[in-house]
Structure formats: structure tokens, C-alpha cells
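What follows is a single structure, written as C-alpha cells, with notes after it.
The values are calculated or read from the model by the stated rules, or taken from the named source; none is laboratory data. Since the structure is predicted, the reported quantities are computational estimates derived from the model, not experimental observations. Positions of Cβ are generated from backbone atoms using ideal geometry, with glycine treated the same way; all protein chains shown enter the neighbour counts. For the accessible areas, the whole protein counts, side chains as well, though only heavy atoms, and no ligand, DNA or RNA atoms are used. Shrake-Rupley method; radii C 1.70, N 1.55, O 1.52, S 1.80 Å.
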Amino acid sequence: MDIQEKIKAIEEQIENALNEIKSSKSLFELRMRFLGKTGEISALMKNMRDLPPEQRPSLGKVLNSLRQWTEEKFDRLEKGIKELELKKKYADEKIDVTIPGHRYPDGAYHPNTLIRNELVSIFAGMGFEIFEGPEIENDYYNFTALNTPKDHPARDMQDTFYLAEDLLLRTQTSAGQIRVMENKKPPIKILSPGKVYRSDDDATHSPMFSQMEGLVVDKGITLCDLKGMLDEFARKIFGESVKTRLRPSYFPFTEPSVEVDVSCFECGGKGCRLCKGTGWIEVLGAGMVNRRVLEGCGIDPDEYTGFAFGMGIERIAMLKYGINNMKLLFEGDTRFLRQFKG
Ligand code: DAH
């Protein structure tokens, strides 16, 4: 076959093959077959070496125009195929934004978390910092340093889970007060939320519950400062018209100690089921930090005074949301929890 015939044959092959091409992948393969380094056109070009020199230029021309013709054919077809492929891709990936999406069930904050967050934000607004102490404490921080030595009758107020002779699950976040005062000089203004543990279990008590502790120590702090701060807290959490009152009480680590009541936010103080007809609801314990506690932490009680308070978060949640059984707060029943979308 002479070279012209060969060229003709290749051109025909290309025309025929191109008619069959449907994808850019097979087009690429075809391109390699003719135009690749070891392709058919390249092979023809290599053959030129065997020709006498005077024939080479004219054949070179012919082969070059064949290569050019082929490349143009391929390029044109490739452009068309790519466009089609892109169109198809867009069609396949088309998203109908009007189709309703899948709704994921959204969660709700646990009432305890809602109250804790609310308390933190109220007290943070008054300049309190957060301190979180350990849940496993030793006897010293939970009791002794809080003026409650081993033989002290007040230890009976809190049935304790002991882990070892000297190690226990903290019964009160008050333990954190000591850790703070040991490490920080006044002025001190901390808020300490956390879980506490007591061997206690009924409709209003749970072996594990949460407390929120507060401690302020500085020069010239008085019971009036405590009262003022509590008024502000009560208004923010229970409502603007709520008032507080202090009743004498006893805690080993405060002197004087008080029990704090808020006026009943349900009946406005007239007397109802929530306040058991008294018009008042007990919400927390508090007092002026006992001199002995300050001294034990290396703080001079003649120079500094302080107040402290501690409240049960579940108790506040039960009062605020009208929950009558504490167990509901620990069972994790989503039918109950769903109601607290905050
Ligand atoms: N720790 C006490 C309790 O668990 C609550 C308490 C009372 C904390 C008076 C205080 C306080 O800081 O001053 O019953």
C-alpha cells in the first residue's frame, strides 16, 4: 500500500471511529491510538527515516497536515462531548430546593442545665467568677476546714458516702470555698456549681444532686451585702415582685447563719399549695463566713469578712417549673424533658 492510500485509510478509520464515540474517555483512548507517541500517525512519521532524503519534505508536509486534520477533528468532538457531559452532570446533580427537607428532632436543655445557666448568668453579671472543685473530696475540705471536725454533731446533717477512711463523695459544694480561699487572696467573688452526693432518697431528695455555691470575701463585707445580692437574685430568677427574708439558722461554717426564703411567686404571698399556706418558700442557706474558716485558710478575720450561700439547683428547678417529684429530673424521660425547650 503506498503512503497516500495509508493516509486515506487512516482518515477513513478516524471518521468511522469518531462516529461511534460517546464519552470523553473513549475519545481519549482513540486519540492515543492515532496521535499518541506510539500511535499510528507517529508510526508513519517514524517511517520517514527510511525514505531517501529528497522525498522526506513532501511526505513530511502531508503527514503534518494529516496530524493537524486529526487533531482538529478530535478537538472539535471533544468540545462537544465535554459540553454534553457537563450538561448531564448538572442535570444529575440538580437539587430541588422546594422539596421539604428531613427534620431532625431538636433537643432541649435539661431543667437543671437551664437553671444552672440562668444562675451563672445572673451572678456573672454581678462579677462572680466560676470555680469547679472535685467531686471526690477528702474529709478536710468537705468537713474539717468548714469548721465541722470529726466528732461534730452537724456531720449528721449530711449522710456521707465514704470511699475510704479519708476520702468521700463531696456532700456540699462548700468544700470548694476552702480550695478557693487557700489559693487566692481577697477580694474573692466566686460561684461554684457542681454535683454533690448524700445517702438520701425520696420525692424531694436524691443520692446525687446539684448545688450552686457562692462566696464573697473582702474588706467590709456585711450581712446587708448578702441580703442585697439575694434580693437581686430572687427578682431575676423568680420575678420582679419577689422579696426575700432571712431566718436564723445554723451551719458550722457561717456565723451568723441564715435560711433564705423568697415570697411565694405563685400566690404573691397570700398562701397557696406551693408555699404550704405560709406565703414564703425556702430556697437556700447562707451566712457570714465563720472566723475560724477564714483563719484556717490564712485569711485574717479582723481584716476581711465574707458571706457564703449554697442552694440546690434541682430544688430551684422544681419550684420554678412546678415539678413535684425530683425523680423526674433524673430519669431522662424525653416526654418530660421535651417540655423545657428553653
Ligand atoms: N452547704 C450547705 C448544705 O449543703 C448549704 C450552705 C449553707 C452553703 C450556708 C453555704 C452557706 O455556703 O453559707 O446544706
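Computed values, structure above
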{"read-out": "Flag for THR222 being within 16 Å of the ligand (Cβ to nearest atom) and under 25 Å from MET126 (Cβ atoms)", "value": "yes"}
{"read-out": "Counted residues, the stretch 204-230 - those being more than 17 Å from ASN112 (Cβ to Cβ), out of contact with any Lys or Arg (no Cβ under 7 Å at 6 or more places or on another chain) and either among the acidic types (Asp, Glu) or open to solvent by less than 50 Å² (accessible area, probe 1.4 Å) (or both)", "value": "10"}
{"read-out": "Residues of the stretch 162-176 satisfying the condition of being surrounded by fewer than 14 Cβ atoms within 10 Å (Cβ to Cβ) and not small (Gly, Ala, Ser)", "value": "TYR162, LEU163, GLU165, ASP166, LEU167"}
{"read-out": "LYS243 more than 20 Å from ARG116 (Cα to Cα), open to solvent by 10 Å² or more (accessible area, probe 1.4 Å) and more than 16 Å from the ligand (Cβ to nearest atom)", "value": "yes"}
{"read-out": "Cβ pairs under 6 Å, 6+ apart, first in the stretch 246-263 and within 21 Å of PRO153 (Cβ to Cβ), second part of a strand (DSSP E or B) and more than 12 Å from the ligand (Cβ to nearest atom)", "value": "GLU259/ARG247"}
{"read-out": "Residues located in the stretch 118-131, provided they are surrounded by 13 or more Cβ atoms within 10 Å (Cβ to Cβ) and not in a helix (DSSP H, G or I)", "value": "MET126, PHE128, GLU129, PHE131"}
{"read-out": "Whichever residue in the stretch 269-322 is among the aromatic types (Phe, Trp, Tyr) and open to solvent by 30 Å² or more (accessible area, probe 1.4 Å) and, among such residues, is modelled with the highest pLDDT", "value": "TYR304"}
{"read-out": "Residue count, the stretch 132-159 (criterion: within 13 Å of the ligand (Cβ to nearest atom), open to solvent by less than 30 Å² (accessible area, probe 1.4 Å), within 15 Å of PHE253 (Cα to Cα) and free of Cβ contacts under 8 Å to residues at least 40 places away in the same chain)", "value": "3"}
{"read-out": "Matching residues in the stretch 266-283 - criterion: being in contact (Cβ under 8 Å) with a residue 40 or more places away in the chain and either within 14 Å of the ligand (Cβ to nearest atom) or touching a strand residue (DSSP E or B) at 6+ places or on another chain (Cβ under 6 Å) (or both)", "value": "VAL283"}
{"read-out": "Residue in the stretch 214-229 that is free of Cβ contacts under 8 Å to residues at least 24 places away in the same chain and touching a Ser or Thr at 6+ places or on another chain (Cβ under 8 Å) present", "value": "yes"}
{"read-out": "Number of the condition not met by SER263 [criteria: (1) within 13 Å of the ligand (Cβ to nearest atom); (2) open to solvent by less than 30 Å² (accessible area, probe 1.4 Å)]", "value": "(1)"}
{"read-out": "Residue match in the stretch 168-190 (condition: at pLDDT 95 or above, within 12 Å of the ligand (Cβ to nearest atom) and in a strand (DSSP E or B))", "value": "yes"}
